[in-house]
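Data first, discussion second: the structure below is written as structure tokens.
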Amino acid sequence: MKIFLSRLQAGWRLLAATTLIGVIGASVAVMAATTVYTATATSFVSVNGRDSSVESALLASMFAQERVKSYEDVVTSDGVMIGVIEDLGLPMTAGELGEKISVNNPDDTVTLELSATDPNPVSAQSIANSAAEQLSKEVAQLETPSAGGEPLATINTVQPAPLPSSPSAPRKPVYLGIGALLGLAIGVGVVMGRGRRKADDEPVALAEV
């Protein structure tokens with residue numbers, strides 16, 4: 001351990017240089033990366049029914065939790081995506097828009113978190129909110145019985161997506177931290193490699209004397 005620390009101490013200039021190079025490289029990567037923003041809208045699934053008994057409420061909750069899992073795929077379906085494209089006048093296909101949207105269903109909840117990512121924060125917010133609205137319409141149609149009547153389940157926006165105040169990527173501190181660690185690791189490898197070669201050469205020099 002003492003040998004390891006002494007080698008690091010002797011090579012501190014090299015370690016500082018490689019760490020600095022790593023940080024500079026990470027900074028260049030950050031500047032080259034596309035800045036994007038993420039906005040998230042939250043929707044809530046509810047089951048329609050007139051029976052307010054505890055047993056019915058529990059059954060309705062279980063039904064909603066099962067239903068919400070299937071709605072994750074509905075979010076990026078052509079029906080919802082085309083609705084968003086027409087609503088916002090977006091110059092893209094349903095598939096291209098689907099790549100901008102991600103969905104999360106927190107465990108044991110009947111909520112869906114719809115996130116939209118875009119280089120423009122206003123666009124990210126608009127897409128997320130429109131997707132939540134279009135999902136509500138699509139679910140209402142899917143859950144309406146063929147014989148008519150009210151939908152078995154509905155989904156409504158309970159938290160519209162706020163305007164993102166800062167980029168979600170690239171995460172500059174993470175990039176810089178990784179760059180510094182990589183630079184430091186390379187420096188340590190070089191310092192220790194030099195130390196080993198020097199130690200291997202010493203017996204040869206003594207034998208020649």
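The values are calculated or read from the model by the stated rules, or taken from the named source; none is laboratory data. Predicted, not measured: the structure shown is a model, and the values here were computed from it. Methodologically, a virtual Cβ is constructed for each residue, glycine included, from the backbone with ideal geometry; neighbour enumeration extends over all protein chains shown. Note: accessible area is taken over every heavy atom of the protein model, side chains too, but ligands, DNA and RNA are not part of it. Shrake-Rupley method; radii C 1.70, N 1.55, O 1.52, S 1.80 Å.
Only one of the numbered conditions (1) exposed (fewer than 13 other Cβ atoms within 10 Å of the Cβ); (2) closer than 17 Å to Ala39 by Cβ; (3) charged (D, E, K, R) is not met by Asp107, and that is (2). Just one of the listed residues (Ala41, Ala10, Ala26, Ala17) is over 36 Å from the mean Cα position of the chain (by Cα) and not polar (S, T, N, Q), namely Ala10.
Residues to consider are Ser115, Ser102; find the one that is under 25 Å from Val36 (Cα atoms) and open to solvent by less than 30 Å² (accessible area, probe 1.4 Å).
Values: Ser102 fails: open to solvent by less than 30 Å² (accessible area, probe 1.4 Å).
After ruling out the rest, the residue left standing is Ser115.
The number of residues in region 133-177 being open to solvent by 90 Å² or more (accessible area, probe 1.4 Å), touching a residue at least 12 places away in the same chain (Cβ under 8 Å), farther than 17 Å from Asp73 by Cα and hydrophobic (A, V, I, L, M, F, W, C) comes to 1.
The set of residues in region 91-128 that are among the hydrophobic types (A, V, I, L, M, F, W, C) and touching a residue at least 24 places away in the same chain (Cβ under 8 Å) comprises Leu97, Ile101, Val103, Val110, Leu112, Leu114, Ala116, Val122, Ala124, Ile127, Ala128.
Look at region 1-50 and say how many of its residues are more than 17 Å from Leu181 (Cα to Cα) and surrounded by 12 or more Cβ atoms within 10 Å (Cβ to Cβ).
19
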